[in-house]
Amino acid sequence: MIDITLTPATFDVETVRADFPILSRKVRGRPLVYLDSANTTQKPEAVIRASDRFYRETNANIHRSTYRLSEEATTAYEGAREKVRRFLNAASTREVVFTRGTTEAINLLASSFGQAFVKAGDEVLITGMEHHSNIVPWQLLCERTGARLRVLPIDDRGDLVLEELDALLTERTRILGVVHVSNALGTVNPVKEIVARAHAKGVPVLVDAAQSLPHLGVDVADLGCDFLAFSGHKVYGPTGIGVLWGKEEWLEKLPPYQGGGDMIASVSFEKTTYAELPARLEAGTGNLAGGVALGTALDYVTTIGLARIAAHERALLAHATERLSEVPGLRIVGTAREKAGVVSFVLDDVHPHDVGTILDQEGICIRTGHHCAQPVMARYDLPATARASFGLYNTLEEVDALVDGLRKVREVFGA
Ligand code: C6P
């Protein structure tokens, strides 16, 4: 049963906003202006209700029991897996592995893929604009195995230096990890082209879709990638649930990540055999209500329409880029050829944390800091930036409120 409260023919942001209970609250006596959706998105009523209803009406452990309630819980959770499959345009639900989020998905892959395919002298290629969760798991793997981490650089605007890609894809490269949309710069990377070039050298590709899937959508068949990771909480779903998608022929070759319940076929002290995919890669009880509510979140986004969402967020980005450029002393960090709804900036020599603190007095939420992408900050010789990021519920007026808030920041600092 899907609880969709909205089926608009056209995109009406006020109708969308009415679906998000939190957006009607005040912060510090002012209307909440939430510009931190790259960090986590707010949740629509339908998602909140799906989680609530699971616990009220369906809660039981899945796959393990013969009674009716457990069957219903299993059907709901596996139904959510099918929704993920459809959303990604994947071939089979066997390819959809539930995890806690993008971070766990990449750790799973680095661990299992690494165990099967990476040894001393091999290379793992990533890019200079990865989030820490697509750096550190590979670094750990390299430390364990004696493999080498190599990095495709970024240019001054925030585009990948693709001219260097072919040279970095060597006969030693075992896998390439690339972020689809940078959380720190907003860059949309040409993932399809990157995948084609990696495949030409026989290298499989992991796409970190944490920031792209909620805003642009992803089609794994079209992208041609081998693995893809995303987080439920960035696509208007709950925290603690995410997905590693992988082509079945690859997942079949991966050893289990963790051992425990539900991932086995048989266990004895002499020998354990493993369950079929995807259970083999999902040890223990997962986030059942989270999975079900993630399915509802994907329904919600699909009902509104990814094309409409992307168009709305493009308009927000264009407006923000124009209006922020008018603020004296403000410099946007990340001016790539193609961007999604993220604007990083620095303002005079005011520390970004001070910018964030003063904006908070106005009820405006932005993220400040290194955005878990310290190598990106290092690339531009910055300790931190301020970052506004957009979701489907943001308005042009909220962008204007940000600009007014930034003028206040300048006043406070005597500019
Ligand atoms: N970025 C941000 O404010 P988790 O924490 O597992 O849900 O997602 C990790 C992650 C992986 N890749 C990218 C591109 C991301 O942006 C993130 C999370 C948040 O930018 C929190 S650091």
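The values are calculated or read from the model by the stated rules, or taken from the named source; none is laboratory data. Computed from a predicted model, the values in this text were never measured in an experiment. With ideal geometry, Cβ positions are generated from the backbone for all residues, glycine too; neighbour counts draw on all protein chains shown.
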Residues within region 251-278 that are touching a residue at least 40 places away in the same chain (Cβ under 8 Å) and buried (at least 17 other Cβ atoms within 10 Å of the Cβ), tallied: 6
Filter result for the condition that a residue is assigned to a strand (DSSP E or B), small (Gly, Ala, Ser) and within 30 Å of Asn59 (Cα to Cα), over Ala283, Ala265, Ala293, Ala297: Ala265
Number of positions in region 384-415 that are more than 28 Å from Tyr300 (Cα to Cα) and among the acidic types (Asp, Glu): 2
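Every residue, every condition in (1) aromatic (Phe, Trp, Tyr); (2) away from the ligand (no atom under 16 Å from the Cβ); (3) crowded, with 16+ Cβ neighbours inside 10 Å; (4) in contact (Cβ under 8 Å) with a residue 24 or more places away in the chain, yes or no:
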| position | (1), (2), (3), (4) |
| --- | --- |
| Arg53 | no, yes, yes, yes |
| Ile62 | no, yes, yes, yes |
| Leu69 | no, yes, no, no |
| Tyr77 | yes, yes, yes, yes |
| Asn89 | no, yes, no, yes |
| Glu95 | no, yes, yes, yes |
| Arg100 | no, no, yes, yes |
| Leu108 | no, no, yes, yes |
In region 220-279, residue farthest from Ala90 (Cα to Cα) [restricted to those that are within 16 Å of the ligand (Cβ to nearest atom) and β-branched (Val, Ile, Thr)]: Thr239
Count - residues of region 387-402 that are more than 12 Å from the ligand (Cβ to nearest atom), buried (at least 17 other Cβ atoms within 10 Å of the Cβ) and either hydrophobic (A, V, I, L, M, F, W, C) or in a helix (DSSP H, G or I) (or both): 6
Where Ala60 falls short, out of the listed (1) outside any loop (DSSP other than H, G, I, E, B); (2) farther than 24 Å from Cys365 by Cβ: (1)
Test: residue in region 230-238 that is surrounded by 22 or more Cβ atoms within 10 Å (Cβ to Cβ), part of a strand (DSSP E or B) and within 11 Å of the chain's Cα centre (by Cα): yes
Qualifying residue in region 360-373 (condition: more than 19 Å from the chain's Cα centre (by Cα), outside any helix (DSSP H, G or I) and crowded, with 24+ Cβ neighbours inside 10 Å): yes
Val47 being touching a Phe, Trp or Tyr at 6+ places or on another chain (Cβ under 9 Å) and either of a type outside the set (Val, Ile, Thr) or modelled with pLDDT of 95 or more (or both): yes
Filter result for the condition that a residue is among the small types (Gly, Ala, Ser), away from the ligand (no atom under 13 Å from the Cβ) and either at negative phi or surrounded by fewer than 16 Cβ atoms within 10 Å (Cβ to Cβ) (or both), over Gly114, Gly158, Gly177: Gly114
Test: residue in region 343-356 that is more than 16 Å from the ligand (Cβ to nearest atom) and at pLDDT below 95: yes
